[in-house]
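Reading through the structure tokens given below for one structure.
The values are calculated or read from the model by the stated rules, or taken from the named source; none is laboratory data. Worth saying up front: this structure is predicted, and the values here are computed from it rather than measured. Virtual Cβ from ideal backbone geometry, glycine too; neighbours counted across all protein chains shown.
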Amino acid sequence: MTVVACPRCEKPVAWIKENEFRPFCSDRCKNIDFGAWANEEYRIANATPPDGDDQNAGIAHELD
């Protein structure tokens, strides 16, 4: 049986079919994590940050 750490609280979680909350240890941890996503607390890293001037120039050009 595989055991993983809960991504929220790091408690050990059995990775079995019967565990309806996997990879989380509980419904509480699952909902806390979902709330963090909904509040945009997680970010996906971007290798190259966007250049604000180029983005705005494209928008201005489309409006002309």
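Annotations for the structure displayed:
- Region 1-17, residues that are at pLDDT 95 or above and among the charged types (D, E, K, R): Arg8, Glu10, Lys11
- Of all residues in region 16-35 being under 23 Å from Met1 (Cα atoms) and in a helix (DSSP H, G or I), the one that is nearest to the chain's Cα centre (by Cα): Lys30
- Applying the condition of being small (Gly, Ala, Ser) and not in a loop (DSSP other than H, G, I, E, B) to region 36-54 and asking which residue is modelled with the highest pLDDT yields Ala36.
- Among residues of region 5-17 that are without any contact (Cβ under 8 Å) to a residue 60 or more places away in the chain and surrounded by fewer than 11 Cβ atoms within 10 Å (Cβ to Cβ), those with a beta-carbon under 9 Å from a residue that is hydrophobic (A, V, I, L, M, F, W, C) and not in a loop (DSSP other than H, G, I, E, B) at least six positions away or on a different chain give the pairs Pro12/Val3; Pro12/Val4; Pro12/Ala5.
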